[in-house]
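> Got a structure for you, questions after.
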Amino acid sequence: MISFGLTDEQEVVREAMREFAEQVLRPAGRPADEASELPADVMQQVWDLSLTSTQLPESVGGGGEARSPITNAIILEELAFGDAGLGLAAASPGLFAFAVADFGTEEQQKQYLPAFGGQKFHAGALAVLEPSPVFDVTNLQTTAEAKGDSFVLSGKKRFVVMGDRAEHFLVLARSTNAAKTGFGAVDAFIVPRDAAGLSVGDVELNLGMKAVPTVSLTLEKVEVPAANRLGGEEGIDAARLIAGTRVAGAALLTGLSRGVLEFCIPYAKERHAFGEAIAQKQAVAFMLSDMQVEVESMRWLTWKAASQLEQGTDATKAAVFASRYAATQAMKIADNGVQVLGGHGFIREHPVEMWYRHARTLSVLEGVAAV
Amino acid sequence: MIDFSLSENDQKILDYVRSEALVARKYARHYDENEHEFPPEALPEADQFPGVWGLMGERGEEDSGSSVIGMMVTMAETWGDYSVRMRKGRGVGLGNAALGAAGTPEQKEKWGHLLLSMAITEPGCGSDPSLVQTTAVLDEETDEWIINGEKIFVTTGCRADGVVLWATLDRSAGRAGIKSFLVEKETPGFVVAHKEKKLGIRADDTAAYVFQDCRIPRGNLLGGKEEIPKQGSGGFRGVMKTFNMTRPMTAAFGLGMSRAALDFTREQLEEAGVDLSYGAGVHGLSAAAAKFQELEALQEAAELTVARAAWMADHGMPNNLESSISKAKGGSGVRTITQGCIELLGAMGVSRDHLLEKWFRDVRITDIYEGTGQIQHMIIARTILDYSREQLS
Ligand SMILES: Cc1cc2nc3c(=O)[nH]c(=O)nc-3n(C[C@H](O)[C@H](O)[C@H](O)COP(=O)(O)OP(=O)(O)OC[C@H]3O[C@@H](n4cnc5c(N)ncnc54)[C@H](O)[C@@H]3O)c2cc1C
């Protein structure tokens, strides 16, 4: 049955997240971007909302609620509506924890998840992207070679969100077992920060989302025990893992775009030129109506992919549609957001210049649009 | 609960409608090239197809709402062809929708069985219907309205049994003076002047009407309210409400055809060896595959805005904004999609050996009638800015 109806619980969560985003994330976003630093108090406040732990099993200290990609998409849109950078940082523990919850063996869950059910913010990191500009997730250059009872990882990763502080990295690598291709060849390995042969680079300096620390990893024959292969002998459903990150990215981009729209509406009604509000000029009004059309389009594509993930059907195609569409439209919306403000849009006093940088960065950083 | 899957019943209905549509498609080219023939009431194959209504009856809790499935059935129909149907329904003209929305119970009873066209547009006015020049003057002695004026671009204007037209009682009253009247064919003074030749949807007859001292009974004013409201345009707005379902429906007409264009393009590209599989990033795709998937995503987005507007209608939510969003998105989307499909297939795309060039022509109307894309954007902008017509026009 085709339905756009939120459950009562989702309505409540959405309302609460919207309030949090407006009151906490929005005001903290600009200073964090200027300082290129994640505000620890804000991160702890986010942590206290138990966004990640709620959907982890009770056995590891989680809330035991069913994993819900739809609810997460709703939450991520709201967080990014407040601030895309802080929103991504808030969501980042889930990149690691949900992957372990979804694909990990019982031992792996027992070993790595309890930290995410604790009282203190716990960073998690997923290493997907690589330095080459022609990155393709189905053809990773980072390799994993089976060697006795362990795997040897070699390659380079970039844009690893929260990599400056994560204790473990979930590293995606291509199995050198020639029988496997495409997503089937993609495995994930839990690599401890202090593994021999792993070097963690300095925090990267990026165009936007500057509050979010990202690092590069160099893996030089890093040997990890076979027990660190996520999902054990069965491995992971990499297509599903990637579809999940794409949907998350699309949800963040939707929130960012809605933020631009809702900021521009009152601005354009107040700002006057040639005897009337600029919003009364069709050239401006139609930029806004177009934003409205596209924010909704992005959201429905995101929800559709999320619901397929939730129902356990193949969401690959829907996730590709959602993430690519969202990346294109978010860029256009942020671009027009600057245009609506004119010269003021170029000045750092207003958020639109930051959102313009965020939009361009997020679609790459999340490892979504490009992968 | 948010859900985008189809129930078994939904799927059965859509599969069935598509099977009919595929048959109808065989006749599409004929009626495109023979513009002055009308598709038959029923195709020769109709006796093998029992019709969808039997399947529609069995709907339950787990099935999509009636407006949602209605939109999807519409898309499945035009996926075959815009104009040719296994069976032509009677009484489903645009004027019938107006009669349903504005007519008194007696009027609905009296004219409900007729096929009614809708005539608003005139040579001098389209997007701005408040400029309607056609007049209706009451002859108190005979209790008749006398209609004078010209109407153009009347859909199903030739085949219709009658028309719902907009005429003004008082030009100086603007919108408030405009009323809907029902005029039956064969009424003296009502002439179908000619049939238009068009870019696309050629099997659909589009007519021009002339009314010259055309007298109709006083009771033919739809809704029966003869007085001109003093302030605002409440009555007019009532008339405009008709469009809340017709706008997503119009988008659905176009999206069925753009879906057909995508399906054809996919077949041809795959046959030519282009890998269209999903999952790889843009760097893992050929330029053709990347472009194709971009068009597919656009189709999905547009279809979802239609579903959204319909879902809201099913739940009794006001959907004025969402109706315009779906019409704007669908109207521009189908242009981009069909243009892009031809770009992808090159010479094959423009050849009349295939239907793609026809779909390209047929979908172009989507962004024009039932309010152009610009008019939809104006409605959207006014709504989100909380502006009146005077503040943004
Ligand atoms: C095949 C076909 C079937 C039709 N069927 C019917 C029917 O059954 N009944 C009926 O009454 N009509 C029908 N129409 C008419 C149709 O609704 C009108 O053509 C349409 O509303 C546009 O009006 P117009 O052609 O006068 O264009 P115009 O109003 O002259 O518009 C020309 C251009 O100006 C733009 N424009 C106009 N006003 C504004 C504004 N305020 N802001 C920005 N841009 C603006 C328009 O978007 C358009 O791009 C049909 C038309 C066609 C082609």
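Bear in mind that the values in this text are calculations on the coordinates, not laboratory data. The shown structure was predicted, so the numbers you read here are calculated from the model rather than taken from an experiment. No Cβ is skipped: glycine too gets one built from the backbone with ideal geometry, and neighbour counts run over all protein chains shown.
> Find the centroid of the Cα atoms in region B:243-260 and in region B:309-372, then give the distance between the two in whole Å.
7
> If you consider only alpha-carbon coordinates, what radius of gyration and Dmax does the protein assembly as shown have, in Å?
Cα radius of gyration and Dmax of the protein assembly as shown are 29.3, 105 Å respectively.
> What shape does region B:8-78 have by the C-alpha gyration tensor, where a ≥ b ≥ c are the square roots of the eigenvalues, rounded means a/c under 1.5, and otherwise prolate means a/b greater than b/c and oblate the rest?
prolate
> Something else: For region A:238-362, report the % of Cα-Cα distances exceeding 25 Å.
Of all Cα-Cα distances in region A:238-362, 30 percent exceed 25 Å.
> Among B:Thr265, B:Thr142, A:Thr214, B:Thr383, what is the fewest-to-most ranking by other Cβ atoms within 10 Å?
Ordered from fewest to most neighbouring Cβ atoms within 10 Å, B:Thr265, B:Thr142, A:Thr214, B:Thr383 come out as B:Thr142, B:Thr383, A:Thr214, B:Thr265.
> Hey, could you pull the Cα Rg and Dmax for chain B, both in Å?
22.1, 79
> Can you tell me which of A:Val46, A:Val161, A:Val200 moves the most in a GNM of chain A? Springs connect C-alpha atoms under 10 Å apart.
Of A:Val46, A:Val161, A:Val200, the Gaussian network model singles out A:Val200 as fluctuating most.
> Taking amide H positions as placed 1.01 Å from N in the peptide plane, with prolines and chain starts having none, which residues 5 or more places from A:Ala127, or on another chain, fall under 5 Å of its amide H?
A:Leu170, A:Val171, A:Leu172
> Calculate how steeply helix B:320-345 sits against the longest principal axis of the alpha-carbon atoms of chain B, using the helix alpha-carbon long axis, and give the answer as 0 to 90 degrees to the nearest 10.
For B:320-345 against chain B, the angle is about 50 degrees.
> Okay, next question. Please give the contour-minus-distance gain from B:Ala287 to B:Gln339: 0.36 nm per residue of separation, less the Cα-Cα distance, rounded to one decimal in nm.
Contour length minus Cα-Cα distance gives 17.1 nm.
> Going 7 Å from the Cα of B:Glu227 toward and past its Cβ, which residues in region B:104-123 have a backbone nitrogen under 17 Å from where you end up?
Residues passing the 17 Å test: none.
> Using per-residue counts of other Cβ atoms within 10 Å, averaged over each peptide, order A:109-120, B:200-211, B:328-339 from highest down.
The packing order, highest mean first, is B:328-339, B:200-211, A:109-120.
> Restricting to region A:124-186, compute how many DSSP beta bridges are antiparallel as a %, nearest 5.
For region A:124-186, the DSSP antiparallel bridge percentage is about 55.
> Next up: For B:Tyr31, B:Tyr278, what's the fewest-to-most ordering of other Cβ within 10 Å of each Cβ?
In order of increasing Cβ crowding within 10 Å: B:Tyr278, B:Tyr31.
> Binning at 20 Å from 0, report for chain A what percent of all alpha-carbon pair distances ends up in each bin.
Per 20 Å bin, starting at zero, the Cα-Cα P(r) for chain A comes out as 30, 57, 12, 1 percent.
> Ok, one more. Pull out the extension gain between A:Thr105 and A:Ser132, defined as 0.36 nm times the separation in residues minus the alpha carbon to alpha carbon distance; nm, one decimal.
So the extension gain works out to 6.5 nm.
> For every helix of n ≥ 4 consecutive DSSP H residues, a contribution of -39,500 (n - 2.57) applies; sum these over chain A, divide by its total residues, and give [θ] at 222 nm rounded to the nearest 500 deg cm²/dmol.
Working: 10 runs with 175 residues, N = 371.
Dividing the helical sum by the residues of chain A leaves -16000 deg cm²/dmol.
> Would you mind listing how long region B:243-385 runs along its three principal axes, going by Cα atoms, in whole Å with the largest first?
Principal extents (largest minus smallest coordinate, Cα): 47, 34, 26 Å.
> Now for a separate question. Of A:Gly235, A:Gly197, A:Gly163, which has the largest mean-square fluctuation in a 10 Å C-alpha GNM of chain A?
It is A:Gly197.
> While we're looking at this one, here's another question. Can you give me the distance in nm between label points at B:Leu276 and A:Ser59, each placed 7 Å from the Cα along the Cα-to-Cβ direction?
4.4
> Taking only Cα atoms and a 10 Å spring cutoff, compute GNM fluctuations for chain B and point out the largest among B:Gly93, B:Gly273, B:Gly349.
Result: B:Gly273 has the largest fluctuation of those listed.
> At B:Glu33 and A:Arg271, where each label point lies 7 Å from the Cα along Cα→Cβ, what is the point-to-point distance in nanometres?
Result: 5.6 nm between the two label points.
> What distance in nm separates the two pseudo spin-label positions at A:Ala40 and B:His315, each 7 Å out from Cα along the beta-carbon direction?
Label at A:Ala40, label at B:His315, 4.4 nm between them.
> For B:Leu22 and A:Asn177, FRET efficiency with R0 = 35 Å and r from the beta-carbon atoms, rounded to 0.05?
Efficiency computed from Cβ-Cβ geometry: 0.20.
> Another question about this same structure. List the lysines whose Cα sits under 22 Å from the Cα of B:Lys151, skipping any in the same chain fewer than 8 residues away.
B:Lys179, B:Lys185, B:Lys195, B:Lys197, B:Lys198, B:Lys241
> Among the aspartates and glutamates, which fall within straight-line cross-link reach of A:Lys332, defined as a Cα-Cα distance under 16 Å, with same-chain neighbours fewer than 8 residues apart omitted?
Output for A:Lys332: A:Glu262, A:Asp290, A:Glu294, A:Glu296, A:Glu353, B:Glu294.
> In degrees from 0 to 90, rounded to the nearest 10, what is the angle of the helix B:8-25 Cα long axis to the longest principal axis of chain B?
That works out to roughly 80 degrees.
> Just want the ordering: B:Thr168, B:Thr135, A:Thr142, A:Thr52, from fewest to most Cβ atoms lying within 10 Å of their own Cβ. Mind showing how you got there, number by number?
On the way: B:Thr168 23, B:Thr135 17, A:Thr142 20, A:Thr52 28.
Ordered by Cβ neighbours within 10 Å, fewest first: B:Thr135, A:Thr142, B:Thr168, A:Thr52.
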